[in-house]
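Notes follow the structure.
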Amino acid sequence: MRTGKKLTAEILSGKWDEALKKLYMDNQKIQQQKKRYVKAVASYCEIFGEMPVEIYSAPGRSEVGGNHTDHQHGRVLAASVSLDAIAVAGRVDEPLVRIQSEGYKLCEIRLDELDKKTREEGTTKGLIRGVLAGLKQQGYKMGGFCAYITSDVLSGSGLSSSAAFETLIGTVVSGLYNHAEIPAVTIAQTGRYAENVYFGKPSGLMDQMACAIGGMVYIDFENEEKPQVEKIDADFEKAGLTLCIVDTKGSHAGLTHEYAQIPVEMKQIAAHFGKNVLREVEEKDFYAALPVLCKESGDRAVLRAIHFFAEDERVVKEVNALRAGDWNRFLKLVKESGDSSYKYLQNVYVSRDTVSEPVAIALAVSERALADKGVCRVHGGGFAGTIQAFVKEAAVLDYKNAMEAVFGADSCHVLKIRRYGGIRVIG
């Protein structure tokens, strides 16, 4: 560990430039990241004092395939992206964790008080307490620390700012007290535990897994306790494709029920067959029972199950296309995935709101702007927030301009797929 002053001097001198280039993969943004890191160290020292510190990073994630399949123990294809949350962190002797996130109130949590507190549901403090409790329950070493966190993972963007935050806390505990040896899968599972139990939000495991592991990852959740994880070697830059995320500025406020209904309705279908999740149901048995299911669970639940079965198989096809370097096939499958989410999963707009449909507008504008130069689809949970597009390199600037003409400056984010998940950058 280095003191804040020494660490700042090293960053400014260029000592850590290579580490930053490997992490962010954009030489033009290294100076910007150095300024960001130096500012974060200065903020830490101002709040907590001058002491030995380390710097950690956890990325946002982009779901590429498997829209709303993870909570049914399905298969997903996801990628970590070049936007991240970073933490300047240092040990303290007392059993107290103090975390200051930029723009938020200081959170203080005693390590001998890690039981769930109902009043903290839906709060940052609840997430932190949940991650700490989960790791302690699994027998990992725990000690006090202070941390200053800043993030450029857009909140509500579908890039999973909450999963990046949870991964970051777990990675800090791993680095400071466990020789950076807590497995990425364990950190991901602990983050999901914190979100489900302490934060009170029903969710699958894809977000945390993609943030914790990093790169392009194929994950099979058939055994959720021991998911199968495979990194996929896919060079999008070599293929001349760029990942763009467009923020439609639509609010997620009041949409928790809409998100929750998707797994609820899918599980209603599974329950007809005496199963817990759709992954356990045979597709042929589902289609044979269609008339009864429509009466029993309703048409929307049936349509969402239709999406699951097709999407779960589509992920495998996407992975095979990437392995074969068949980019045209991959793009066709991404478009099919988006069409299925729109028509069957029905998470592009809220049916009770006929006034605000920004995601649908973004998809319509994208299809017109892209033509044969890329594909687009709803991104993440849906209903509001963002869309995703894979754009041919020569068309990126025109696409960005077209989207920002509708949704405002800096609404189209041109990203890179990052190789690393949660990581100690400077130790």
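The values are calculated or read from the model by the stated rules, or taken from the named source; none is laboratory data. As the structure is a prediction and not an experimental result, all values here were calculated from the model. Here the Cβ positions follow ideal geometry from the backbone for every residue, glycine too, while neighbour counts run over all protein chains shown. Heads up: the accessible areas ignore ligands, DNA and RNA and are worked out on the full protein's heavy atoms, side chains in. Shrake-Rupley method; radii C 1.70, N 1.55, O 1.52, S 1.80 Å.
In region 1-51, which residues are of a type in the set (Gly, Ala, Ser) and either in contact with a strand residue (DSSP E or B) (Cβ under 7 Å, 6 or more places away or on another chain) or surrounded by 13 or more Cβ atoms within 10 Å (Cβ to Cβ) (or both)?
Across region 1-51, the qualifying residues are Gly4, Ala9, Ala19, Ala40, Ala42, Ser43.
Please give the number of the condition Phe165 fails out of (1) under 29 Å from Thr118 (Cβ atoms); (2) open to solvent by 10 Å² or more (accessible area, probe 1.4 Å); (3) more than 11 Å from the chain's Cα centre (by Cα).
Checking Phe165 against (1) under 29 Å from Thr118 (Cβ atoms); (2) open to solvent by 10 Å² or more (accessible area, probe 1.4 Å); (3) more than 11 Å from the chain's Cα centre (by Cα), the one that fails is (3).
Out of region 94-111, which residues are open to solvent by 90 Å² or more (accessible area, probe 1.4 Å) and modelled with pLDDT under 95?
Those that are open to solvent by 90 Å² or more (accessible area, probe 1.4 Å) and modelled with pLDDT under 95: Tyr104, Lys105.
Could you go through region 123-136 and let me know if any residue there is part of a strand (DSSP E or B), touching a helix residue (DSSP H, G or I) at 6+ places or on another chain (Cβ under 9 Å) and under 19 Å from Tyr56 (Cβ atoms). Break it down stepwise before answering.
Here is the first cut: in region 123-136, the ones part of a strand (DSSP E or B) are none.
So far as region 123-136 goes, no, none of its residues is part of a strand (DSSP E or B), touching a helix residue (DSSP H, G or I) at 6+ places or on another chain (Cβ under 9 Å) and under 19 Å from Tyr56 (Cβ atoms).
I need the full set of residues from region 349-360 which are of a type in the set (Val, Ile, Thr) and touching a helix residue (DSSP H, G or I) at 6+ places or on another chain (Cβ under 7 Å), in order please. Spell out how you get there, then give the answer.
Within region 349-360, the first condition is being of a type in the set (Val, Ile, Thr), and the residues that meet it are 350, 354-355, 359.
The one that is of a type in the set (Val, Ile, Thr) and touching a helix residue (DSSP H, G or I) at 6+ places or on another chain (Cβ under 7 Å): Val350.
Among all residue pairs at least 6 apart or on different chains, which show Cβ distances below 6 Å where the first residue, located in region 240-264, is closer than 11 Å to Ala384 by Cα and in contact (Cβ under 8 Å) with a residue 24 or more places away in the chain and the second is part of a loop (DSSP other than H, G, I, E, B) and open to solvent by 30 Å² or more (accessible area, probe 1.4 Å)?
Close Cβ pairs satisfying both conditions: His252/Gly156.
Do we have any residue at all in region 74-89 that's buried (at least 24 other Cβ atoms within 10 Å of the Cβ), farther than 19 Å from Ala164 by Cα and touching a residue at least 24 places away in the same chain (Cβ under 8 Å)?
Yes, region 74-89 contains a residue that is buried (at least 24 other Cβ atoms within 10 Å of the Cβ), farther than 19 Å from Ala164 by Cα and touching a residue at least 24 places away in the same chain (Cβ under 8 Å).
How do the pairs read when you match residues in region 318-338 that are in contact (Cβ under 8 Å) with a residue 12 or more places away in the chain with residues anywhere that are open to solvent by 10 Å² or more (accessible area, probe 1.4 Å) and small (Gly, Ala, Ser), using Cβ under 6 Å and keeping only pairs 6 or more apart or on different chains?
Hits for this filter: Leu322/Ala234; Trp327/Ala239.
If I filter region 333-352 down to residues being open to solvent by less than 60 Å² (accessible area, probe 1.4 Å) and touching a Phe, Trp or Tyr at 6+ places or on another chain (Cβ under 9 Å), which single residue comes out as farthest from Val302 (Cα to Cα)?
Once the filter is applied, the top-ranked residue is Val334.
Would you check if Phe383 is within 22 Å of the chain's Cα centre (by Cα), surrounded by 18 or more Cβ atoms within 10 Å (Cβ to Cβ) and more than 24 Å from Met216 (Cα to Cα)? Can you show your working first?
Numbers: within 22 Å of the chain's Cα centre (by Cα): yes; surrounded by 18 or more Cβ atoms within 10 Å (Cβ to Cβ): yes; more than 24 Å from Met216 (Cα to Cα): yes.
Yes, satisfied.
Of a type in the set (Gly, Ala, Ser) and modelled with pLDDT of 95 or more: does that describe Ser157?
On the way: of a type in the set (Gly, Ala, Ser): yes; modelled with pLDDT of 95 or more: no.
Against the criterion (of a type in the set (Gly, Ala, Ser) and modelled with pLDDT of 95 or more), Ser157 does not qualify.
Can you find a residue that is surrounded by fewer than 15 Cβ atoms within 10 Å (Cβ to Cβ), at positive phi and either in contact with a Lys or Arg (Cβ under 8 Å, 6 or more places away or on another chain) or at pLDDT 95 or above (or both) anywhere in region 391-409?
Checking region 391-409: at least one residue is surrounded by fewer than 15 Cβ atoms within 10 Å (Cβ to Cβ), at positive phi and either in contact with a Lys or Arg (Cβ under 8 Å, 6 or more places away or on another chain) or at pLDDT 95 or above (or both).
Can you name the number of the only condition in (1) free of Cβ contacts under 8 Å to residues at least 40 places away in the same chain; (2) crowded, with 16+ Cβ neighbours inside 10 Å; (3) among the charged types (D, E, K, R) that Glu54 fails?
Condition not satisfied by Glu54: (1).
Only one of these is assigned to a helix (DSSP H, G or I), of a type outside the set (D, E, K, R) and farther than 23 Å from Leu243 by Cα: Phe308, Phe330. Name it.
Working: Phe330 fails: farther than 23 Å from Leu243 by Cα.
On inspection, the qualifying residue turns out to be Phe308.
For Leu114, only one of the following conditions fails: (1) open to solvent by less than 30 Å² (accessible area, probe 1.4 Å); (2) assigned to a strand (DSSP E or B); (3) farther than 30 Å from Arg314 by Cα. What is its number?
It fails just one condition, (2).
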